[in-house]
Structure formats: C-alpha cells, structure tokens
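The values are calculated or read from the model by the stated rules, or taken from the named source; none is laboratory data. Please read these numbers as outputs of a predicted model, since none were measured by experiment. A quick note on method: Cβ atoms are made from the backbone with ideal geometry, for glycine too, and the neighbour counts reach across all protein chains shown.
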Amino acid sequence: METSERSGRIARIRKGELHVHLNGLVSASAVRSVLEDETTEIPAGFDLGGDLARLKPCSSLSSYLKPWQVLRKIPTRLENLRRMCDDAFQTLSRSNVDFVELRSSVLYLAGLQDCAVPEALQRLIEATSSSAEKFGITRGLVLTVTRGDYSMVHLDTLLRAFRALSCPVDVVGIDLAGDEETSIPEELPDLFRAAKEKYGLGITIHAGETGRPENILTAVRSFGANRIGHGTAAASHPEIMEELSQRDVCVEVCPISNRLTGAIKSTETHPMRGFLRSGVPFVICSDNPGIHERGLNDDYDTALSEGVEVTFLESQFEVAKKYSFLDFAP
C-alpha cells in the first residue's frame with residue numbers, strides 16, 4: 001500500500017481515544033501563547049523553542065517528561081483553560097476522533113487557579129464540554145492521582161469534590177500515574193476499588209511502562225484495574241500476558257510515546273504483536289500528541305509499521321467502545 005493511500009485510509013477511520021492527557025494534547029504554539037499571556041516564570045535552563053517537544057527517543061522517562069516543567073504551570077486563568085481545551089479538541093478532530101476519555105489533574109488546576117477543588121472540577125467539566133460540543137466529540141473525564149505518600153489524601157479529595165457536584169456523569173474514571181518506583185500507601189488499592197464499586201468509575205493504572213512488570217499484576221489484582229496504561233513490560237512475561245487475557249484487561253498502547261520514552265528500545269520489537277498472539281485486548285492511543293507534534297492518525301500509522309494490519313486498525317473503533325468507561329447505549 002502506497003504511503004498516500006495508507007494515510008488516507010487511516011484518516012478516514014473513526015476513532016476512540018482512551019489514553020490522552022489534556023495538557024499533553026495542547027499544541028506547542030497554544031502553550032507558548034498561554035505562557036506569554038500569564039507571564040509564567042520559565043524554569044532556568046528550559047528552552048521554549050525546543051523543550052516543549054519530544055521528537056526523538058529520550059534517554060529516560062524523566063527526560064521525556066521535561067515539557068511538564070512548564071505544562072504543569074498552566075493555566076492560571078479560566079479563559080486560558082477554555083483556549084487550551086479548544087486547541088486540544090481541534091487536534092482530536094483532525095484525527096477523526098469520535099469520542100475521548102481525557103485525563104487531567106484537577107488538584108493541580110485548583111492550585112493554579114486558586115479555587116476550591118470542586119470549583120476546579122466544575123471549570124474543567126464546563127470547558128471540556130463546550131469544546132467537545134464545538135467539535136462534535138463525545139468526551140468523558142478521567143481524574144488522575146499521582147503515586148506517592150499523599151496519593152490516598154489526593155484521591156479522597158477528588159472523590160469529595162466529585163460528590164460535592166452530585167457525582168457528575170462527565171467523570172467516568174480514575175487513573176494512577178507517576179513514577180513507578182515511588183511507593184504508595186497500602187490502603188490505596190482499596191480506595192480505588194471502593195470508588196469503582198460505589199460510583200461505577202472505571203479504573204486505569206499506568207503500569208509496566210518503565211520495566212516493572214509486577215506493577216501490572218498489582219494494578220489488576222489489587223486495584224481492580226479495567227485497563228492498563230502502556231503495560232509494555234508485560235511482553236516478556238507469559239504469565240502476565242495470560243492473566244491480562246483471561247481477565248479481559250485492556251492495554252492502552254501508545255506506539256509513538258512508547259518509543260520516545262524508551263519503554264521500547266529501537267532494537268526491540270513492540271509488544272503489540274505479542275498482545276495479538278496472546279489474546280490480550282489493546283487499543284491504540286496517543287498519550288501526549290502535543291508534545292510529539294503528531295496526532296492519533298500518526299500513532300495508527302506507527303502501529304502499522306510495528307506490524308499490525310490495517311484491518312485491525314479499522315476494528316479499533318469498536319474495541320475502544322467496548323473498553324471505554326463512557327456509557328454507549330446498545
């Protein structure tokens with residue numbers, strides 16, 4: 001298949017996006033505009049001309065995440081949250097995305113905008129709803145908790161805000177992210193499971209991205225995860241692959257990100273083909289397309305180069321619907 005024909009075929013596929021971070025979705029030009037408008041102090045040694053993008057494989061995950069040194073400083077103004085959401089949904093629209101589960105840290109937003117957490121959540125709901133409607137995209141919100149000593153407190157705070165707003169249907173899931181080497185409180189998995197059982201929230205856990213396969217098992221067995229973010233470390237552990245398959249736990253595969261972070265080395269085969277052989281369900285996602293300067297179409301194209309068939313990509317829309325936390329009426 002010629003490149004132009006392949007690109008056109010990918011562009012026409014309706015898509016669902018299950019793993020993408022709001023600030024990592026916003027284009028570099030929009031980020032620079034917001035930084036200038038808010039007169040944000042740029043960290044020493046940070047180059048706005050080059051450090052907002054990650055276009056080549058990085059030496060480590062921390063190197064890949066350098067753009068977040070400034071991305072976590074915005075937006076301090078409500079109008080800029082709206083601008084960022086419009087830019088983000090425009091990017092999704094370019095890749096023919098029909099529905100998206102958008103990840104964001106409401107606690108960061110509350111701190112940046114100097115407001116209570118329930119108000120920050122309400123602002124996020126309203127801004128993303130307006131942008132989603134503008135571009136004809138269905139959206140749900142996944143609230144992110146960062147690994148660490150205070151992760152239980154942070155999740156409890158988010159759930160309090162969720163209840164204060166009468167459990168809005170806009171919020172469809174909760175996510176655990178952050179450095180996989182960081183320890184977490186022993187009770188945290190129970191709190192995640194309780195939220196799942198009480199409020200019907202889906203659970204997705206960043207696990208096995210940086211070579212710790214045991215985190216995948218913890219996510220599945222202790223947290224009750226419905227989906228695993230990245231999960232690349234599972235590839236060399238047949239028992240984990242079997243458990244993911246038997247439990248029907250979906251892996252959120254981010255082909256471009258996996259290469260850029262170093263989760264999959266240039267000399268290694270991407271585990272997508274292993275997932276297919278082992279019957280592990282997975283969906284193609286984009287993670288941080290604003291940082292990559294490439295959208296979900298490009299992740300689909302990368303998946304082709306990694307060995308999946310175009311017919312598989314054309315089936316991804318229904319797979320994403322099946323494993324989405326959004327409520328799709330039969």
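Can you tell me how many residues within region 189-216 are touching a helix residue (DSSP H, G or I) at 6+ places or on another chain (Cβ under 8 Å) and either within 19 Å of V20 (Cα to Cα) or in a strand (DSSP E or B) (or both)? Count: 8. Filtering I216, I240, I256 for residues that are more than 19 Å from the chain's Cα centre (by Cα) and modelled with pLDDT of 95 or more leaves a single hit, I240. Where helices (runs of 4 or more DSSP H) sit wholly within region 268-330, those with at least 3 residues that are within 17 Å of the chain's Cα centre (by Cα) and over 26 Å from Q246 (Cα atoms) occupy 289-292, 296-305. Of the residues S29, S7, the single one that is surrounded by 13 or more Cβ atoms within 10 Å (Cβ to Cβ) and part of a helix (DSSP H, G or I) is S7. Taking the condition touching a helix residue (DSSP H, G or I) at 6+ places or on another chain (Cβ under 6 Å), part of a loop (DSSP other than H, G, I, E, B) and touching a residue at least 40 places away in the same chain (Cβ under 8 Å), does L52 pass? Here the answer is yes, as L52 does meet what is asked. Take the residues of region 227-255 that are surrounded by fewer than 22 Cβ atoms within 10 Å (Cβ to Cβ) and hydroxyl-bearing (S, T, Y): which is farthest from R273 (Cα to Cα)? Of everything passing the filter in region 227-255, S245 is farthest from R273 (Cα to Cα). The selection criterion, being surrounded by 17 or more Cβ atoms within 10 Å (Cβ to Cβ), in contact (Cβ under 8 Å) with a residue 24 or more places away in the chain and not small (G, A, S), holds for L35.
Screening A225, A219, A233 for residues that are part of a loop (DSSP other than H, G, I, E, B), closer than 30 Å to D190 by Cβ and of a type in the set (A, V, I, L, M) leaves exactly one candidate, A225. All of E197, E242, E186 fail the test of being touching a Ser or Thr at 6+ places or on another chain (Cβ under 8 Å) and acidic (D, E), apart from E242. Here A320 passes the criteria (1) hydrophobic (A, V, I, L, M, F, W, C); (2) surrounded by 22 or more Cβ atoms within 10 Å (Cβ to Cβ); (3) closer than 23 Å to R94 by Cα; (4) touching a helix residue (DSSP H, G or I) at 6+ places or on another chain (Cβ under 8 Å) except the one numbered (4). Under the condition of being more than 20 Å from L25 (Cα to Cα) and assigned to a loop (DSSP other than H, G, I, E, B), the residues counted in region 238-261 number 2.
Being buried (at least 18 other Cβ atoms within 10 Å of the Cβ), among the small types (G, A, S) and in contact (Cβ under 8 Å) with a residue 24 or more places away in the chain is the filter here, so list the residues in region 95-133 that pass it. Residues satisfying the conditions are S95, S104, S105, A120, A127, S131, A132. Residues that are exposed (fewer than 13 other Cβ atoms within 10 Å of the Cβ) and assigned to a loop (DSSP other than H, G, I, E, B) do occur in region 57-65. On the basis of being within 20 Å of V31 (Cβ to Cβ) and either small (G, A, S) or assigned to a helix (DSSP H, G or I) (or both), does S166 make the cut? When the stated conditions are applied, S166 does not pass them. On the given criteria, is N96 modelled with pLDDT of 95 or more and on the phi > 0 side of the Ramachandran plot? Against the criterion (modelled with pLDDT of 95 or more and on the phi > 0 side of the Ramachandran plot), N96 qualifies. Taking region 270-290 as the range and being farther than 16 Å from G229 by Cα and crowded, with 23+ Cβ neighbours inside 10 Å as the test, only G290 passes. Among residues that are under 20 Å from the mean Cα position of the chain (by Cα) and surrounded by fewer than 15 Cβ atoms within 10 Å (Cβ to Cβ), V169 is included.
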